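*Asks:* If you scroll down you'll find the structure; I have some questions about it.
The values are calculated or read from the model by the stated rules, or taken from the named source; none is laboratory data. Nothing here was measured: the structure is a model prediction, and the numbers come from that model. Heads up, the Cβs are rebuilt from the backbone with ideal geometry, glycines too, and the neighbour counts pull from every protein chain shown. These accessible areas exclude ligands, DNA and RNA; they are computed on the full protein's heavy atoms, side chains included. Shrake-Rupley method; radii C 1.70, N 1.55, O 1.52, S 1.80 Å.
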Amino acid sequence: MSAGKCINMNEIWKAAGAAAWGAVRFSGLRPFLAESAAQDIAALCPGAETVLVAAFPYYAGDTPGNLSLYCRGEDYHRVLARRLGQVCGALEERYPGGTFVPGADNSPVPERTVAELAGVGFQGRHGLRILPPYGSYLFLGIILTDLQLPETRGEPPGHCPEHCHACQAACPTGALGAEGFQPGKCLSALTQEKGALSPEVAEQIKNSPTVWGCDLCQRACPFNREAALSPLPEFRENLLCSLSLGELEDLSNRAFRRKYGDRAFAWRGIGPLVRNLGWWEEAKVGSVQPKPPS
């Protein structure tokens, strides 16, 4: 379907809280997709022509806490679903009969690849998109549509300096090696695994500042040293920065989801957090040296 009307996409995305947005033709994305992903996308949006992508900042300051910065506010899946839905609604008004399918970390669309092709931010050595002045503290959301919309291009808003390898040096598990990002080694991903973990991973969690997620590579990044605060209230209000084992150990999984279901760390259930907190708090107690006798 061709888009025959002229609309101000900048205004639509700005009203939805996006810091930047872009568009790429699906045919341009196709070479980067496995066949199974392409089929899944075709099922979600038959006749897909364009993929829209947008960046939503989430940094709310660096208050001490043992939860990763990304999950201290409202669950970003919920937030982006609402805000992408707002964009879809505006587009539906202007293009009746068009198809618009939003997604945020829950679709077969490789969001970072789309952002790269569409010119939204630039790729950091830690594998995350960087968009000054918000740094890499961003969530990406996409919209699939059967409209033929113009692509966006342009010069990246920066790049990682050749001499800077701060994120790689800060990574505690070697997930940011010379061969690129290795998800299987990422401590953030490991904290979210269910079931038993190796003694090596247990030690890494014990020594980590966080029991869920890991911000070490982002904290080390020069582009994040003076990151601008998110303008989105969902990520700046009603923050939960820390959890303790005492707050969780008497909760059933159902009660846990009732209490924390609006947070991004709740998706795996209570088990991984209780396990991680047990190791983490044990290590913290063990690290406290007794006072010498007076």
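*Asks:* Relative to the present Cα-Cα distance, how much length would full extension add between Arg153 and Gln182 at 0.36 nm per residue of separation? Spell out each step's value before the answer.
*Replies:* On the way: separation 29, 0.36 × 29 = 10.44 nm, distance 2.84 nm.
Working it through step by step, the gained length comes to 7.6 nm.
*Asks:* What do you get for the angle between helix 271-286 and the principal long axis of the chain? Use alpha-carbon atoms, 0 to 90 degrees, nearest ten.
*Replies:* With both axes taken from Cα atoms, the answer is about 40 degrees.
*Asks:* Taking amide H positions as placed in the peptide plane 1.01 Å from N, state which residues far from Phe139 in sequence (5 or more) or on other chains have amide H under 5 Å from it.
*Replies:* The list, which skips near neighbours in sequence, is Phe56, Tyr58.
*Asks:* Going by Cα centres, region 199-259 and region 90-116 are how many Å apart?
*Replies:* Here the two parts' Cα centres lie 28 Å apart.
*Asks:* With a cut-off of at most 14 other beta carbons within 10 Å, and DSSP calling the residue loop, which GluC sites (Glu not before Pro) in region 205-263 qualify? Please list them.
*Replies:* On the way: sites: Glu226, Glu234, Glu237, Glu247, Glu249; in loops: Glu226, Glu237, Glu249.
Passing sites in region 205-263 are Glu226, Glu237, Glu249.
*Asks:* Given Cα pairs under 8 Å that are at least 6 residues apart, what percent is the relative contact order of the chain?
*Replies:* Working: 504 pairs, mean separation 73.4, N = 294.
Here the relative contact order equals 25 percent.
*Asks:* What ³J(HN,Hα) values, in whole Hz, does the Karplus curve 6.51 cos²θ - 1.76 cosθ + 1.60 give for region 252-259 when θ = phi - 60°, with x put for Gly and Pro?
*Replies:* So the J values, rounded to whole Hz, are 6, 4, 5, 5, 4, 5, 5, 7.
*Asks:* Hey, what's the Cα Rg ratio for region 56-134 versus the globular rule of thumb, 2.2 N^0.38 Å? Write out the running numbers ahead of the final one.
*Replies:* Values: Rg = 15.2 Å, N = 79, 2.2 N^0.38 = 11.6 Å.
So the Cα radius of gyration is 1.31 times the expected 2.2 N^0.38 Å.
*Asks:* Sticking with this structure for a sec: Between Asn106 and Asp250, what's the calculated FRET efficiency when r is the beta-carbon distance and R0 is 25 Å? Round to 0.05.
*Replies:* Details: r = 31 Å, r/R0 = 1.25.
Efficiency for this residue pair is about 0.20.
*Asks:* Setting aside same-chain residues fewer than 8 positions from Lys284, which lysines have a Cα under 19 Å from its Cα?
*Replies:* Lys206
*Asks:* I would also like to ask the following. Might you tell me the accessible area per residue for the chain, computed with a 1.4 Å probe and given in Å²? Display every interim value, and only then the final one.
*Replies:* Values: 14330 Å² over 294 residues.
With all protein chains present, the chain gives 49 Å² per residue.
*Asks:* Tell me which aspartates and glutamates have Cα within less than 12 Å of Lys259's Cα, excluding those fewer than 8 residues away on the same chain?
*Replies:* Excluding near neighbours in sequence, the set is Glu247.
*Asks:* Using only the Cα atoms of region 178-294, build the gyration tensor, take square roots of its eigenvalues as a ≥ b ≥ c, and label the shape rounded, prolate or oblate: rounded if a/c is under 1.5, else prolate if a/b is larger than b/c, else oblate. Display every interim value, and only then the final one.
*Replies:* Working: a/c = 1.29, a/b = 1.11, b/c = 1.17.
Rounded, since a/c falls under 1.5.
*Asks:* Further question: Hey, if we sort Leu277, Leu239, Leu140 by accessible area with the 1.4 Å probe, largest down, what's the order? It would help to have the intermediate numbers written out before the result.
*Replies:* Details: Leu277 0, Leu239 65, Leu140 25 Å².
Reading off the accessible areas and sorting them downward yields Leu239, Leu140, Leu277.
*Asks:* Over every pair of different alpha-carbon atoms in region 1-114, take the mean of 1/r and invert it; report that Kirkwood radius in Å.
*Replies:* On the way: mean 1/r = 0.0637 Å⁻¹.
About 15.7 Å, per the Kirkwood formula over Cα pairs.
*Asks:* If you don't mind, another one. In region 136-294, if the dipole is taken from +1 on Lys/Arg beta carbons and -1 on Asp/Glu beta carbons about the Cα centre, which of Cys164, Tyr137, Asn276 is farthest to the positive end?
*Replies:* Value: Asn276.
*Asks:* In addition: Along the Cα→Cβ direction, 7 angstrom out, place labels at Ser242 and Arg30. What is the inter-label distance in nm?
*Replies:* If labels sit at Ser242 and Arg30, their model points lie 5.4 nm apart.
*Asks:* Could I ask something else about it? Work from the charge dipole of region 39-127 (Cβ charges, +1 for Lys and Arg, -1 for Asp and Glu, about the Cα centre) and give the residue of Gly98, Thr113, Pro64 farthest towards its positive end.
*Replies:* Result: Pro64.
*Asks:* A further question on this structure: Can you compute the charge dipole magnitude of the chain about its Cα centre, using +1 on each Lys and Arg Cβ and -1 on each Asp and Glu Cβ, nothing else charged? Give it in debye, rounded to the nearest 20. Let's see the in-between values first.
*Replies:* Details: 28 positive and 30 negative charges, 72 e Å.
Using only the charged Cβ atoms, the result is roughly 340 debye.
*Asks:* If packing is taken as the mean number of other Cβ atoms within 10 Å per residue, what is the order of 155-163, 76-84, highest first? Each step should come with its number before you reach the end.
*Replies:* Values: 155-163: 11.0, 76-84: 19.9.
Most protected by this proxy first, the peptides run 76-84, 155-163.
*Asks:* In the chain, what percent of the accessible surface is made up of carbon and sulfur (1.4 Å probe, ligands and nucleic acids excluded)?
*Replies:* 53
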